[in-house]
Amino acid sequence: MRKNTLAIFCIFLLISVALGTVFLWYEYSRNGEFCFSSDDSFIFATYAKNFVSGNLFQFNVGELSWGTTSTLWTFFTISTFIIGILATKYMGLVFLAILGFLVFIILFRSPVGFFTAILAGITIIISGLSLFNALSGMDTVFFALFFLLSLYLYIHHRDSPIFYLLIFLSVCLLYTSDAADELDGVDLGGRRI
């Protein structure tokens, strides 16, 4: 089963990257460049650009910033921003493939069966909205992946050692959704300031 699981993940990854490349080609043919599609993506990109330039977690260089609303996503963006905007977009596609694969795994272990599980996972990947979110540079797919991973761990690994739960929770603490920043700023740990 392990070889089949790897093959299925590779199929999910191939579909995600192939469709994403078509979207990217269309974006480039229309705009003449690769760009982010929303202001939130621009915010993450600005933090990444300034971080790489040595201005840690500053939106406007030299001014006090409240910080980013998704620290872990910002670190992922920083790591790919060094390479370029395309790396950030393809990272989103990899997370989308993992999300579709996780949907498959969760459903495969349920009574719905293999083909329904495959169809559900692929549907997540080929959805235009999912592809847009994966390529946008925003943390939407990342958030959905964390949510599903939490659900998966709850369903299938509740009796696992506390050590793994603590590691997972510590990583989750580095993440806070944009909903936390409605009225006031949040610091890098997601706490209201």
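Of note:
- Net charge of Cβ neighbours under 12 Å - reference Leu86; Lys, Arg +1; Asp, Glu -1: -1
- The accessible area of Thr116, taken with all protein chains in place and a 1.4 Å probe, comes to roughly 70 Å².
- Sorting Trp73, Trp25 by accessible area puts them as Trp25, Trp73; the probe is 1.4 Å, largest comes first, and only protein heavy atoms count.
- Protection proxy ranking of 95-101, 108-114 - average other beta-carbon atoms within 10 Å, highest first: 95-101, 108-114
- Segment 1-147: C-alpha gyration tensor shape, a/c 1.5 cut-off, then a/b vs b/c: prolate
The values are calculated or read from the model by the stated rules, or taken from the named source; none is laboratory data. What you see is a predicted model; the values in this text were computed from it and never measured. So basically every Cβ, Gly included, is an ideal-geometry build from the backbone, and we count neighbours across all protein chains shown. The protein model used for the area step is the full one, side chains on, heavy atoms only, and it has no ligands, DNA or RNA in it. Shrake-Rupley method; radii C 1.70, N 1.55, O 1.52, S 1.80 Å.
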